[in-house]
1. What pairs come out if I take residues in segment 244-263 that are within 13 Å of LYS322 (Cβ to Cβ) and pair them with residues that are in a loop (DSSP other than H, G, I, E, B) and among the hydroxyl-bearing types (Ser, Thr, Tyr) whose C-beta lies under 9 Å away, six or more apart or interchain?
2. Which of the residues spanning segment 272-281 are surrounded by 13 or more Cβ atoms within 10 Å (Cβ to Cβ) and in contact with a Pro (Cβ under 9 Å, 6 or more places away or on another chain)?
3. Which count do you get for residues in segment 303-323 that are assigned to a loop (DSSP other than H, G, I, E, B) and either without any contact (Cβ under 8 Å) to a residue 40 or more places away in the chain or surrounded by 15 or more Cβ atoms within 10 Å (Cβ to Cβ) (or both)?
4. Checking the structure you have, find out if any residue of segment 282-300 is touching a Phe, Trp or Tyr at 6+ places or on another chain (Cβ under 6 Å), modelled with pLDDT of 90 or more and within 20 Å of ASN315 (Cα to Cα).
5. Scan segment 157-181 for residues that are more than 20 Å from GLY134 (Cα to Cα) and of a type outside the set (Phe, Trp, Tyr) and jot them down.
6. Just name the residue that is farthest from the chain's Cα centre (by Cα) out of those in segment 287-302 that are surrounded by 12 or more Cβ atoms within 10 Å (Cβ to Cβ) and in a helix (DSSP H, G or I).
7. Considering only residues that are touching a helix residue (DSSP H, G or I) at 6+ places or on another chain (Cβ under 9 Å) and of a type in the set (A, V, I, L, M), which ones fall in segment 300-312?
8. Cβ contacts < 7 Å: first residue in the same structural domain as SER309 (by TED's automatic domain parsing), restricted to segment 272-294; second residue among the hydroxyl-bearing types (Ser, Thr, Tyr), any location; separation 6+ or different chain. Result?
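The values are calculated or read from the model by the stated rules, or taken from the named source; none is laboratory data. Here the structure is a predicted model, which means the values were calculated and not measured. Glycine also receives a Cβ, built like all others from the backbone with ideal geometry; neighbour counts cover every protein chain displayed.
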Amino acid sequence: MFCKNCFKKISNRSHFCKYCGAPVKQKKLVKEEAVKEEPLMQGPPPAPTPQEKEYDFKLRSEREKEFPIPTKYLKIGFAVVLVIVVVVVLLQSSVFQDPDSIKYNDYIGVWQERGTDDIESSGGVRLEITDVNGGTMRISLSFYDGGAAYNSIVVKDIGATIKDGEAYYTFSNDGAGNSGNGVLTFKGRDIEWKSIINEAETRHYEVVKVKNSITDEETLATEESTQATEETTKQANEDYIIPNSSEELLTEEDLQGLTSEELRIARNEIMARHGRIFNDSQLAAYFEGKDWYEGTVDPQTFDQGGYLSDIEIKNVELIKSKE
């Protein structure tokens, strides 16, 4: 057996270790006479009996450095989190919005495109939702600098029919001969607006609420501005025999009811818009009495061409054929 103090080999019958002198506790021997003393082993002593293992505790950060998480597991975890976020956002957005759950009264207010402020001077569109009653929405529309076909159009207080998360509207005359239609699609905090004016191309706008309501002062200012614009347009139209002869192709119906003298003036006012000087004293006196006329191009230079558009040339020929 081995000494428990110095771990050296000693006799089974020893009461004290002959190497270190430590007492040896004897077990009860059975058939002592049958037990023979083992010979002492020669050579170096055997290795001591292993003691209980000690655990080296480390911080989590240290363990992660020694055993890092594989990159593929990080990618999988990130993808799962991303999918969850996307699903939550979609569920809260208008993609899965039930049209029956839309609170249309929340859309009452003033709506404009992002980044637009003074649309009257810089251009843009404005949508005003003033009231919602059952399946009808009262709206006003404003278009500024919309293109060559019109500079400004303001349509006040028209009805739009609400159906399945959208509002449909039409107007036949804004007071200046303009007509149009459109659809408002309610998308959470935004409104997608599809508009057609005077049967021209379809235009799409995305507007956001800029005010919860329009004040009386703003309403009055808008109405005054609209009235002034309409009066200016009316005065300008009255200053011409045919106001749109430089922009639209005329038909024989447009010329009905005009006298020969009026047709003569209408034909020449197309050229007068481009500053043609007239040798005819009557025509010269007539156009010099107009605020818009500025005679700057002599007849010989003007008649060489290059001043009139194709539409104007065709209108001149049509009017001349009817004089």
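1. Within 9 Å, the pairs are ASP254/SER245.
2. Within segment 272-281, ARG276, ILE277, PHE278 meet the criteria.
3. Qualifying residue count, segment 303-323: 5.
4. Within segment 282-300, one or more residues are touching a Phe, Trp or Tyr at 6+ places or on another chain (Cβ under 6 Å), modelled with pLDDT of 90 or more and within 20 Å of ASN315 (Cα to Cα).
5. Once the filter is applied, which keeps residues that are more than 20 Å from GLY134 (Cα to Cα) and of a type outside the set (Phe, Trp, Tyr), segment 157-181 yields SER172, ASN173, ASP174, GLY175, ALA176, GLY177, ASN178, SER179, GLY180, ASN181.
6. Of everything passing the filter in segment 287-302, PRO299 is farthest from the chain's Cα centre (by Cα).
7. LEU308 - this is the single residue of segment 300-312 that is touching a helix residue (DSSP H, G or I) at 6+ places or on another chain (Cβ under 9 Å) and of a type in the set (A, V, I, L, M).
8. Listed by first residue and then by second, the contacts come to ALA272/TYR293; ARG273/SER246; HIS274/TYR307; GLY275/THR296; PHE287/TYR293.
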